[in-house]
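Every read-out reported here was derived from the displayed coordinates using simple, explicitly stated rules and does not represent laboratory data. Model, not experiment: these values are computed from the prediction. Cβ sites come from the backbone with ideal geometry, for glycine too, and all protein chains shown count toward neighbours.
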Amino acid sequence: MKLLVLTTVLICSVAVASGAQQLVAMPRKFPNVDQPLALAPDDTIQLLNRIVVDRAPGQRGTRLDVHFSTRTPASNSEARGQEADRLAQVVGPQAWSMGARRVTIAICDTRACAETREPPRDWYVYERGPGGVWQRVRLPGR
């Protein structure tokens, strides 16, 4: 009887361990969304990635990271920031319903950025303010 229990435990342990290795070994494919999204009548962006970050170091609660690309030139930082502001209002309610305290929105100008192999050119952080409006917050040192 003890041998049967020991054998069963051993088989289960091996099965769980091999399943965990398979999960870890599965590569994540980015961009994971890669769909156009209309923010306004004449403003369509390419939504690239939605990534849920659950309790990163120094973070209180869940955060939603969103990457997008735009036809707005990098030289027009004000217009790009306004696009990010509009996108925050679009993704914010869903982020809040999943328990996210912050939304980070990044603008990618290269394929490598869309594939998360290089950092975005511009990024913005939002927190939910009064009335459910997502407001851009300034981070220390920025």
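Restricting attention to the range 88-129, which trypsin sites (Lys or Arg not before Pro) occupy a DSSP loop and are surrounded by at most 13 other Cβ atoms within 10 Å?
Here the trypsin sites (Lys or Arg not before Pro) that fit, given the DSSP loop and packing criteria, are ARG117.
Could you give the nm distance between label points at SER75 and ASP109, where each point is 7 Å from its Cα heading toward the beta carbon?
Output for this residue pair reads 1.1 nm.
Assuming 0.36 nm per residue, please report the length gained on full extension of the stretch ARG55 to GLN135 beyond their Cα-Cα distance.
Values: separation 80, 0.36 × 80 = 28.80 nm, distance 2.08 nm.
Length gained between ARG55 and GLN135: 26.7 nm.
Given H placed on each backbone N at 1.01 Å, which residues far from TRP134 in sequence or on other chains put an amide H within less than 5 Å of it?
GLY129
Under a plain spin-label model, where a point goes 7 Å from the Cα along Cα-to-Cβ, how far apart in nm are ARG28 and THR62?
In this crude label model, ARG28 to THR62 measures out at 1.5 nm.
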